[in-house]
1. Take the residues in region 36-63 that are of a type in the set (A, V, I, L, M, F, W, C) and under 16 Å from TYR74 (Cα atoms), then tell me which one is surrounded by the fewest Cβ atoms within 10 Å (Cβ to Cβ).
2. What do you reckon, is PHE3 part of a loop (DSSP other than H, G, I, E, B), away from the ligand (no atom under 14 Å from the Cβ) and in contact with a Phe, Trp or Tyr (Cβ under 7 Å, 6 or more places away or on another chain)?
3. Is there a residue being among the polar types (S, T, N, Q) and surrounded by 12 or more Cβ atoms within 10 Å (Cβ to Cβ) anywhere in region 8-19?
4. Can you tell me which residue is nearest to the ligand (Cβ to nearest atom) among those in region 31-65 that are part of a loop (DSSP other than H, G, I, E, B) and of a type in the set (Gly, Ala, Ser)?
5. Residue check: is THR72 among the hydroxyl-bearing types (Ser, Thr, Tyr), within 16 Å of the ligand (Cβ to nearest atom) and in a loop (DSSP other than H, G, I, E, B)?
6. Filter region 23-34 down to the residues that are buried (at least 19 other Cβ atoms within 10 Å of the Cβ) and touching a Lys or Arg at 6+ places or on another chain (Cβ under 7 Å) and list them by number.
7. Does GLY68 satisfy the condition of being without any contact (Cβ under 8 Å) to a residue 12 or more places away in the chain and out of contact with any Phe, Trp or Tyr (no Cβ under 7 Å at 6 or more places or on another chain)?
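Since every read-out is calculated from the coordinates, none of them should be taken as a lab result. Note that the structure is predicted; figures quoted are calculated from it, not measured. Cβ: placed from backbone, ideal geometry, glycine included. Neighbour counts: every protein chain shown.
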Amino acid sequence: MKFSTQFIERVSEANSIVDIIAQHTQLKSTGSGMMGRCPFPDHPEKTPSFSVSESKQVYHCFGCGKSGNIFTFYEIIKV
Ligand SMILES: [Zn+2]
């Protein structure tokens with residue numbers, strides 16, 4: 001999948017992956033990062049198992065095993 005320059009600029013303008021994911025799920029600060037419920041449509045859950053690392057700019061869901069960065073996030077969410 002190839003991203004347009006406009007898209008990459010838009011993503012780069014956002015401060016962090018946390019800001020972007022926080023628009024899709026409620027994130028709570030933990031000791032080492034942020035946790036929330038999985039924002040992906042194919043993984044509904046009641047207990048937060050989705051973690052986001054601001055320092056590494058990556059996410060990982062312990063429930064469904066998805067992980068990646070801002071770009072793979074958008075690929076799945078398709079905003
Ligand atoms: Zn998940």
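1. Restricting attention to region 36-63, the residues satisfying the condition of being of a type in the set (A, V, I, L, M, F, W, C) are 38, 40, 50, 52, 58, 61-62.
Okay, now just the ones that are also under 16 Å from TYR74 (Cα atoms), so 38, 40, 50, 52, 58, 61.
On the way: CYS38: 21, PHE40: 19, PHE50: 25, VAL52: 25, VAL58: 17, CYS61: 21.
Selected residue: VAL58.
2. Values: part of a loop (DSSP other than H, G, I, E, B): yes; away from the ligand (no atom under 14 Å from the Cβ): yes; in contact with a Phe, Trp or Tyr (Cβ under 7 Å, 6 or more places away or on another chain): yes.
The answer is yes for PHE3.
3. First, pick out the residues of region 8-19 that are among the polar types (S, T, N, Q): 12, 15-16.
From the residues that got through so far, the ones that are surrounded by 12 or more Cβ atoms within 10 Å (Cβ to Cβ) too are 16.
Yes, because at least one residue in region 8-19 is among the polar types (S, T, N, Q) and surrounded by 12 or more Cβ atoms within 10 Å (Cβ to Cβ).
4. Step one: list which residues in region 31-65 are part of a loop (DSSP other than H, G, I, E, B), which gives 31-33, 37-49, 54-57, 62-65.
Filter again for of a type in the set (Gly, Ala, Ser), leaving 31-33, 49, 55, 63, 65.
On the way: GLY31: 21, SER32: 18, GLY33: 15, SER49: 7, SER55: 21, GLY63: 4, GLY65: 7 Å.
Among them, the one singled out is GLY63.
5. Numbers: among the hydroxyl-bearing types (Ser, Thr, Tyr): yes; within 16 Å of the ligand (Cβ to nearest atom): yes; in a loop (DSSP other than H, G, I, E, B): no.
For THR72, the condition - among the hydroxyl-bearing types (Ser, Thr, Tyr), within 16 Å of the ligand (Cβ to nearest atom) and in a loop (DSSP other than H, G, I, E, B) - is not met.
6. In the first step, residues of region 23-34 are kept if they are buried (at least 19 other Cβ atoms within 10 Å of the Cβ); the result is 27, 34.
If the condition is that a residue be buried (at least 19 other Cβ atoms within 10 Å of the Cβ) and touching a Lys or Arg at 6+ places or on another chain (Cβ under 7 Å), then MET34 is the only one that fits.
7. Details: without any contact (Cβ under 8 Å) to a residue 12 or more places away in the chain: yes; out of contact with any Phe, Trp or Tyr (no Cβ under 7 Å at 6 or more places or on another chain): no.
Against the criterion (without any contact (Cβ under 8 Å) to a residue 12 or more places away in the chain and out of contact with any Phe, Trp or Tyr (no Cβ under 7 Å at 6 or more places or on another chain)), GLY68 does not qualify.
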